[in-house]
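Take a look at the structure below.
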Amino acid sequence: MSIVGKPVPRKEGRRKVTGQALYVDDLNFPGMLHGVTVRSSIPRGRIKNISFEGDIPWNEFTIVTAKDIPGENYVALILNDQPYLADEVVNHPEEPIVLLAHHDKYLLEEARRHVRIEYEELPGILSLEESLDNREIIWGDDNVFKKFLVDKGNVDDAWSKADFVVEGEYRTGAQEQLYIESNGAIAVANAEDGVSVWGSMQCPYYVHKALIWLFGLPEEKIRVIQTETGGGFGGKEEYPSMIAGHAALLAWKSGKPVKMIYDRAEDMVATTKRHPSRTRHKTAVTKDGKLLAMEINFVIDGGAYCTLSPVVLSRGTIHAAGPYFCPNVRIHSRAVATNLPPHGAFRGFGAPQSIFALERHMNKVAKAIGLTPEEFRRRNFIHEGQTTATSQVIREKIDMNGLLNRAFEVSDYRAKRERFARENADRDSSPTPGSPAGQPGWCRAAREGVNQAGSRIKKGIGFASFMHGAGFTGSGEVFLQSVVGAEATREGQVKVLAASTEIGQGTNTIFAQIAAEALGLDYDLVEITQPDTSNVPNSGPTVASRTCMIVGKLVESAVLGLKQPLVSSGLLPEQFTQTDFQRACSEYIEKFGQLKSFSKYDPPPNIHWDDEKYQGDAYGAFAWAVYVAEVSVDMLTYEAHVDDFVAVQEVGRVINPVLAAGQIEGGVAQAIGFTLYENVVWENGRMLNSQMTNYIMPTAADIPPIRVYFEENPYAYGPAGAKGIGELPMDGPAPAILNAIENAVGVGFDHIPLMPEAMMERSVA
Amino acid sequence: MEGFAENASEENLVSGKIEINCTVNEKQKVLLAFPMERLLDVLREQLHLTGTKEGCGEGECGACTVFINGEIVNSCLVPVAQIEGASIQTIEGIASDGQLDAMQQAFIDCGGAQCGICTPGMVMAAVGLLEKVPNPSEADIRDGLAGNLCRCTGYMKIFESVVRACQK
């Protein structure tokens, strides 16, 4: 009666399809005020004066500035450099300066427009290059938040032994998470009861910690409750600490509950995005196609404050050399400051950036040495017993060749590659190039595989091979010391107590499956407790593809911990049925009052990480994948469209096939947006296209069939053999699509998002 | 519009609010609202029908989808003055007596809902599509749902949900 591996329905599915699920904006408290934020209009400068103007009844408003903060004016995270409210200086556009609250939303909006802030402007740093050039020093001594050096073997000695040395430079743009529920929080706060916050978030204990410092209150005076959360993708990892703090400051001063909900434009201009990046590769290869040395220089734009950039940089750095064995690797990476709003967590967390560069570069190297992209990779795939860039010995069974074979087979890669080459050539020799294919919707022609002579469509197919580490990097999980609890009820129900949040990815469902499986109970007998810091232990943040593998394992051991006291008190036999379990729980609780069990993270054996040298076991386990994209490019409009997508991956045991496929499909769609559609337009450090009408994410009409295949290789230290999955699908699509576009048009592009204008400039026709 | 003035009290006239008679989920309602208030806000704040969501506030994402007289509409773009005499249906009116609509059940069975914030609007759009095209092709489904954005699913499981609902 195994429940792991079954597509059981989502725990909270019914309330979501009926509209009964309560998100933060659906909650109202008696006497509640609304809150808004007044933000900076310039990238960098000194605040000279703040005045409250216009025909506004200002005495009715609660007004909060930096001077009203009872505790520390910073968002406690890594370096504590980001203020809750700018005081004297501003370092990026849209930086919060003044908070206003009033019961009338419409008047509040009017008032926001009548707060006048005068500045003495200072020169800003608006790009990664300007920051590296130290044109202005805006952070520390050299604008660098963090740097890493990964050094394996001896790169310097390798160049002279190489038959080929190939260099390349690759860039990725910012990307908005674009969860459909914008950021929001409601706070109740006073000196007597402390501070309580309800909000849309991934990490209740991050918010909890931030509020402790903001208010200078003891931890038991702070309570954080996650409401149903309408998507996160990293965008609700660190930012909720900001908006929750703002709502709480207004509540503290007004003595009333305060709700703050960002509208879409504010959410897009003011909250975090994916770090833009630049990666330079220099690769030494022997004439038989073996990697000899890789030198990688990886830079990300962190924005105005440090926030999570060191950790994003770390993951990007470790993933930069990919699933290949190379004896000599040097990766030098930096996260630098600019006067843009801080960039932050976004699914993949640095890895999509560095993997994009690597997987474009692998194609470039293959071409230079005269091998097919697949043959070059086959000669260098990492195998069991070999070491990664951080000298981590791969101890899992791993078969990148097998994944590649399967991906090629299901995508019909070889046949298509041949056919497209022939048809593209026919098209080029056709007497009427550029004439429409006969259908206004060219993508229909493309989808149906129509690619006749005279068509304006060129087709291509490409792939990328990659891996993604699950859980916190290096010693991260050891420092986190995550805890999960389980509690049995008198009726023999099992409640899982964890701060890990359901944000759409299926936490509630897989935790219930893992718990039910461990105890041999029905799925419906397991309940997941709403994350509330007054009621659940800190199981760590809901990030880093760690919820299933790391926290799920703790769920498994916590619920198994319920069995021990029942057995040792003689109420339950070693072999038991569900009825036995329920009866035993009832009797135990009758006798002893309650039955609870807690489990704390313990690293798997043989995990060693050296933070100084950045060498060792970076992750407990990796997920491995090969993705294939088929594209068509309209040679008249230069629009590229993905027509078919195959995602083959090994993620350990799959707990729930429908949810797991849903993760992959959603991640691939989001990555297609990252590659071809989602272009953040910056002007003087501010996002110009802050609307869904001009920041274009893929719709139901844009997404190709996404065909998902899992190879299951149970991981010994994951719950029921599972590894992490959430971020993986963000890593591979961008390079696979650009490799396919190169195959279609014969010109390689090394930056994303790849807009039609960029293709037109290179005149690929 | 003349009829409103006769029904409205003096106090409401001063405030600028008007009275609106309409049907919401088959119940007769008399609403008192500013004429240009968004139908979305009136549904959520006055009638506490919070299943209708705001995603963008500009008619792009479809999270606020409702039916007005059987037609699919983004309620964030509708001034409430326009619904006098109209019949509105929201997600709360889709399940009857706790019995899920086939589309809702299909979304549960096929994994069509993840974070759930687009789901009410998506279900409305899908139900609306099937009323117009009972056996939609894949292209019909893609076109029919192209006005509803989902950031979680990549749409595959939503397409499956619609196909499943047609089979019932």
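Values in this text are rule-based calculations from the coordinates and carry no lab data. Because the structure is a prediction, the values reported are computed rather than measured. Using ideal geometry, Cβ is built from the backbone for each residue, glycine included, and neighbour counts are taken over all protein chains shown.
Listed values, structure above:
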| read-out | value |
| --- | --- |
| Whole-number percent relative contact order across chain B, with pairs defined as alpha carbons under 8 Å at least 6 apart | 21 percent |
| Given charges at beta-carbon only (K, R positive; D, E negative), |dipole| of the range A:482-600 in Debye | 400 debye |
| Magnitude of the charge dipole, the range A:267-380, Cβ model with Lys/Arg +1 and Asp/Glu -1, debye to 20 | 260 debye |
| Nitroxide proxy distance, nm - points 7 Å out along Cα→Cβ at A:Glu169 and A:Ala191 | 5.9 nm |
| Relative contact order of the range B:102-166, pairs being alpha-carbon contacts under 8 Å that are 6 or more residues apart, as % | 56 percent |
| Packing-based exposure ordering (other Cβ within 10 Å, fewest first) of A:His383, A:His361 | A:His383, A:His361 |
| Members of A:Lys495/A:Lys553; A:Lys290/A:Lys364; A:Lys563/A:Lys600; A:Lys397/A:Lys723; A:Lys236/A:Lys563 lying beyond 24 Å, as alpha-carbon distances in this model show | A:Lys236/A:Lys563 |
| Under-5 Å amide H pairs with A:Asn183, H placed in peptide plane, nonlocal only | A:Tyr262 |
| R0 of 45 Å, Cβ-Cβ distance B:Val30-A:Asp133: FRET efficiency to nearest 0.05 | 0.10 |
| Where N is the number of residues in the protein assembly as shown, Cα Rg divided by 2.2 N^0.38 Å | 0.95 |
| Label-point separation, A:His103 to A:Asp524 (7 Å along Cα→Cβ), nm | 4.5 nm |
| Full-stretch length increase - A:Glu88, A:Asp142 - with 0.36 nm per residue and alpha-carbon distance subtracted | 17.2 nm |
| Cβ neighbours within 10 Å from other chains - mean over A:172-184 | 3 |
| Nearby lysines by direct alpha-carbon distance to B:Lys168 (threshold 24 angstrom, same-chain neighbours under 8 apart not counted) | A:Lys6, A:Lys11, A:Lys16, B:Lys132, B:Lys157 |
| Dipole-positive endmost among B:Val66, B:Ile20, B:Cys76 within the range B:2-92 (Cβ charges, Cα centre) | B:Val66 |
| Helical mean residue ellipticity (222 nm; -39500 (n - 2.57) per DSSP H run of 4+; nearest 500) of chain A | -8500 deg cm²/dmol |
| For residues of B:39-48, the mean tally of beta carbons on other chains within 10 Å | 1 |
| DSSP beta bridges in the range A:631-765 [antiparallel fraction, %, rounded to 5] | 50 percent |
| Only Lys, Arg (+1) and Asp, Glu (-1) charged, at Cβ; chain A dipole about Cα centre in debye | 1240 debye |
| 5 angstrom amide H check on A:Asp643, placed H, neighbours 5+ away | A:Glu630, A:Val631, A:Ser632 |
| Dipole axis of the range A:320-429 (+1 Lys, Arg; -1 Asp, Glu on Cβ), positive-most option in A:Pro342, A:Cys326, A:Ala366 | A:Pro342 |
| Peptide A:6-15, shielding by other chains (average Cβ, 10 Å cutoff) | 4 |
| Residues of type lysines that A:Lys253 reaches as a straight line, Cα spacing below 24 Å, ignoring anything fewer than 8 places off in the same chain | A:Lys67, A:Lys105, A:Lys209, A:Lys221 |
| Spatially proximal aspartates and glutamates relative to B:Lys17 (Cα-Cα < 17 Å; intrachain offsets below 8 disregarded) | A:Asp104, B:Glu2, B:Glu6, B:Glu37, B:Asp41, B:Glu45, B:Glu84 |
| Mean Cβ count within 10 Å, highest first, over the residues of peptides A:495-504, A:10-19, A:591-600, A:695-704 | A:495-504, A:10-19, A:695-704, A:591-600 |
| Relative contact order [Cα under 8 Å, 6+ residues apart], chain A, whole percent | 16 percent |
| Per-selection Kirkwood Rh - the range A:482-600 (Cα, Å, 1 d.p.) | 14.1 Å |
